[in-house]
Structure formats: C-alpha cells, structure tokens
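The values are calculated or read from the model by the stated rules, or taken from the named source; none is laboratory data. Keep in mind that this is a model prediction, so the values were computed, not measured. Using ideal geometry, Cβ is built from the backbone for each residue, glycine included, and neighbour counts are taken over all protein chains shown.
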Amino acid sequence: MGPLVVGVDSSTQSTKVLVVEADTGRVVARSQAPHTVTGAGGARESDPRGWWDALATALAGCGDVVREAAAVSIGGQQHGLVTLDAAGEPVRPAMLWNDVRSAPQRDRLVAELGGAKEWAERTGSVPAPSFTVTKWAWLRDNEPEAAAATAAVRLPHDYLTERLTGTGTTDRGDASGTGWWDSRSGAYDSRTLEHVGLDAALLPRVVAPGEAAGTVRAGLPLPEGILVAPGTGDNMAAALGLGLRPGQPVLSLGTSGTVYAVTGERPVDPTGTVAGFADAGGGWLPLAATLNCTQAVDRFAALLSLAREDVEAGSGAVVLPFLDGERTPDLPHASGLLYGLRHDTTPGQLLQSAYDGAVYALLTALDRVTGPEAADDEPILLIGGGAQGVAWRDTVRRLSGRAVRVPQVREAVALGAAAQAAGLLLGEDPAAVARRWGTAEGPSYGAVPRDDETLQRIASVLEDGDALLRRPGA
Ligand SMILES: Nc1ncnc2c1ncn2[C@@H]1O[C@H](COP(=O)(O)OP(=O)(O)O)[C@@H](O)[C@H]1O
Ligand SMILES: O=C(CO)[C@@H](O)[C@H](O)COP(=O)(O)O
C-alpha cells in the first residue's frame, strides 16, 4: 500500500472522514459522526467544539489506519461565523450559513457600501444573509459584548485546521464566501472590514493553493508532524474531488442545494443569484445555493407520513418548500407555500411537488453558472446525500431535460479534501489527482423531455406569491 491521506468533510449535519491511498484513490476506511444544529425561526447555530469532537469520533471510527496517514485536509461548510476569545475558545456558538437573522444587516451593508453592482465587482458576490460579513454585522448589533470579546474570527474549516496546526489559516475558496475578501486582488478588503469594525489582524492568513497550512501538533488523533493542506469550503472541495473541468455542471443535494461549475473567468453577477466564489486552485466557482433542499423535502415526507420515494406524478399543486426562508430566490423571510390543492390531490403528488419546488430553484441558476463553456448535452453531475435518492434524480432529469451522472463516490467533499492532501504530499495538482483517481465516474441516466408545464406553473406561483413570500414573521 502506498502513502495514505485523510480527507474530511465537516458539513452542516455531520463530519465524514475518508482514509485514501494517495496513489490510487482507493478508500481504505470511512466513518461519519453527527453534528448538533440548534435554533428556531431564522437562527441556526452549532458549537464549533462539537465539530472537533465529531472529527475525533469519525477519525476513531476509521481505526488504526489513521495512524499511518501522511497528510490531511479539511473541507467545511461555508460562511459560518466562528468567534474565538483570546484563549481560542468560542465566544458563542457559530452562526451557520443557513442562519438568516442577518437579512436586515445584509440590506444595510449592500446599500452602504456602493450597492449590488459594486459589491459584485469588488468581492465577486452580492452578499446573501449567509455571508460571514452580514453575520458579523448582526453580532455587533445584537450581542456587542460577544463581538468585543472576539480575538479571532474563523470559518468552520479554518477552526478545525487551526486546531490541527496551532496556526490561523484559511484559503481563497472559503475566504471568497466571507464578503470581506476582494476577488480582484485576492486580499482582504480593508474598506469593508473598516466599515463593519473588524480588525484584519483577527482574520486568518490566506494560504495559497499548493502551500501547506502547517503540520499536525502533538497529542491529537492524527500522527504528529504530518502535512496539513489548506482545506477549503465544502463546495470547493467537492469541485476538486470531482476533478471538474469548465462547462461540467454539478448539482449538490444536501442540507443546502447548490449548483456550480468551474471557470477560468472571475464571476461577477450584480443580480446576486450567482455567488462569484474562488475555487481551491487558481480558478473560480460560480455557484448558486438554496437553503431548502433535502431536509425540507424530508420534512414534507414526514408531515405526509410518507417515505422519501413515495412520490406520485400528476400533481397540479405547487409547493415552494421555503421552510427556512430562501436564498435562491432571495426571500430570507419566506416560509413554505402550498398552492393548487384539490379533493383528488394525493399525498404522493404533494411530496413530488415539494421535490419539484426544491429542484426548480436550483435549475433556474444552471445556465448562469455554467456560462459560455457549457454544452447542453453535458450530463449534470449529481452529488450530496440526495443523489442517492431515485425521486431526486428523476426530478432533476424531468425538470432539466438533461442527462444526469451520479459519481460512484458518495463523499465528494471528503474525497476532494483527500485529493488536496494527496496533491500537497505528491507535489501534484489536486484536481489532476482526482481525475487520475476517476472520481467522477458512475452510472448515467439519459435525458427525458423537459417538463415545461410544471416549470411554468412554479414560476407563476412564485411571481404571484411574491408579496406573501416577502412578508416578515410568517
Ligand atoms: N438514500 C437517500 N435518498 C435520498 N436522500 C438521502 C438518502 N440518503 C441521504 N439522503 C439525504 O441526504 C441529506 C444529507 O446530505 P449531505 O450531503 O450528507 O448533507 P450535508 O453535507 O449538508 O451535511 C439528508 O438530509 C438526507 O435527506
Ligand atoms: O452556503 C453554502 C454555499 O454557499 C452551503 O452550500 C454551505 O457550504 C453548506 O453546505 P452543506 O452542509 O449543505 O454541504
């Protein structure tokens, strides 16, 4: 067996760890441990120490082979605001990407710092309430004592990487989702930081692609002294893990739904639909995200006392499953909406409508993220937990009219982190490593005629329901 690397996916619901053979990509051990997410209404929080404990549990679940690893990398849920005190302990729980309490601060920041077009040109994105900068502004407004006690601000993957190395670092991919990173210069944006009263000294150093974040400290559940790669946001890690080439669209069905592609051109979308993220290499990752994906549809199934696959065709009803507010479309105050219920509507049809509503929102952004490099017959790569579901897969095929490929590897994020660690260890480009590993291979499902009638029905309910969906406090 050749050298081994460890790839970590610390996402919203769980930590997944893979131990992978660096030369071949063979997964020699895998394990998973759950996270706790608290909060009602617009709040979603997790204690960062819980992510560290979940990492330790998942590493232990991989067995003794972890002791042979030569490098490690962490992919983490994007955007979360981790605030640490002078001793490195969390000042309060982390506010997660799907916490929408900072919607008013977002509106204010966009207006005060030049408007949507200028934000997009400066940072690549018009911030959504997911973005770290809006959460920091919320904290200053609502918990000034917590903001004052903060000696370091980190993203989820930075927090875990720092616990491994002892040094505060991040990477350009995850930094591009903060709102205080200038995507033109690749440096922190001093104007934004000054405006929100955040000292750049509290932020981690942005490690360049291919550079090490450090080495593992003594006394941890990984071998002392092994290389720690920069890590990145979970979507950037999945893009690495699939060895993506420009024009290949990815649809990820997890707690969040995301649709993205890699591109060589810096994305700038003043409408705010597409976030202009950097990828974990030297390129870009235009991406649109929804807050309501697998968990929202699972909730519908539970309400209807149905299993996930108990869908029935033929529904005339529309479900907009915006249980957590929504980011795409930009409706942070929205709640779920059901329209078109009849005596003969069945529970299975309603469940199908919930899948349709969740997938619709992602598909509206598909063409915007793939850009001119895209070929219409390029299959959509379907990843995330939902990619294992037949109802999800068939809904994507029917509403996109495109073929779908489901990569055999289930843990694209952890695999991307492993590829980054392997690239660092072997001195190779991580995306080339992933391509060598054949990670994007898997069964393909052919195109079916696009269901334009359903798309049109959802579009018109979204338009007509606009006032309801914008009403705060429903
Ligand atoms: N076989 C399956 N069919 C459909 N959905 C599934 C299946 N297995 C898991 N899921 C969904 O996957 C989700 C978790 O996806 P995952 O990508 O791991 O989430 P995250 O990365 O956001 O923590 C769960 O909410 C669940 O609904
Ligand atoms: O906010 C975004 C992307 O901008 C989310 O995609 C988060 O990165 C969380 O991802 P999952 O835990 O759902 O994988």
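In summary, strands (runs of 3 or more DSSP E) completely within the stretch 277-364 and bearing 1 or more residues that are more than 27 Å from TRP181 (Cα to Cα) occur at 318-320, 337-339.
Every residue, every condition in (1) closer than 20 Å to ASP298 by Cα; (2) out of contact with any strand residue (DSSP E or B) (no Cβ under 9 Å at 6 or more places or on another chain); (3) modelled with pLDDT under 95, yes or no:
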{"residue": "LEU338", "(1), (2), (3)": "yes, no, no"}
{"residue": "ASP344", "(1), (2), (3)": "no, yes, no"}
{"residue": "ALA365", "(1), (2), (3)": "no, no, yes"}
{"residue": "ILE383", "(1), (2), (3)": "yes, no, no"}
{"residue": "ARG397", "(1), (2), (3)": "yes, no, no"}
{"residue": "GLY401", "(1), (2), (3)": "no, yes, no"}
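Report whether or not ALA33 is outside any loop (DSSP other than H, G, I, E, B), in contact with a Pro (Cβ under 9 Å, 6 or more places away or on another chain) and not β-branched (Val, Ile, Thr).
The answer is no for ALA33.
Among residues of the stretch 400-419 being small (Gly, Ala, Ser) and in contact with a helix residue (DSSP H, G or I) (Cβ under 8 Å, 6 or more places away or on another chain), the one that is nearest to VAL259 (Cα to Cα) is SER400. Return the residue satisfying two criteria in turn: it lies in the stretch 252-266 and is buried (at least 24 other Cβ atoms within 10 Å of the Cβ) and more than 10 Å from ligand 1 (Cβ to nearest atom), and of such residues it is nearest to ASN292 (Cα to Cα). Only one residue tops the list, namely VAL259. Restricted to the stretch 367-387, and to residues there that are of a type in the set (Asp, Glu) and closer than 14 Å to LEU285 by Cα, the residue that is nearest to ligand 2 (Cβ to nearest atom) is ASP367.
Sort through ALA54, ALA29 and tell me the only one that's within 16 Å of ligand 2 (Cβ to nearest atom) and either crowded, with 17+ Cβ neighbours inside 10 Å or closer than 19 Å to ALA239 by Cα (or both).
ALA54
For GLY283, are the conditions met, namely being more than 13 Å from ligand 2 (Cβ to nearest atom), of a type in the set (Gly, Ala, Ser), surrounded by fewer than 24 Cβ atoms within 10 Å (Cβ to Cβ) and modelled with pLDDT under 95?
no
If you go through the stretch 181-190 one residue at a time, do you hit one that is in contact with a Pro (Cβ under 6 Å, 6 or more places away or on another chain) and of a type in the set (Gly, Ala, Ser)? Within the stretch 181-190, none of the residues are in contact with a Pro (Cβ under 6 Å, 6 or more places away or on another chain) and of a type in the set (Gly, Ala, Ser).
In the stretch 103-118, of all residues being among the basic types (Lys, Arg) and closer than 14 Å to LYS135 by Cβ, the one that is farthest from the chain's Cα centre (by Cα) corresponds to ARG108. Scanning the stretch 4-15 for residues that are part of a strand (DSSP E or B) and near ligand 1 (Cβ under 7 Å from one of its atoms), we see that the one that is surrounded by the most Cβ atoms within 10 Å (Cβ to Cβ) is ASP9.
Report, ordered by the first and then the second residue, all pairs with beta carbons closer than 9 Å, sequence separation of six or more or different chains, a first member in the stretch 243-258 that is farther than 16 Å from VAL274 by Cα and at pLDDT 95 or above, and a second member that is in a strand (DSSP E or B) and within 12 Å of ligand 1 (Cβ to nearest atom). These pairs meet every condition: LEU253/LEU382; LEU253/ILE383; GLY254/ILE383. The condition of being among the small types (Gly, Ala, Ser) and in a helix (DSSP H, G or I) holds for only one of ALA432, ALA447, ALA440, that being ALA432.
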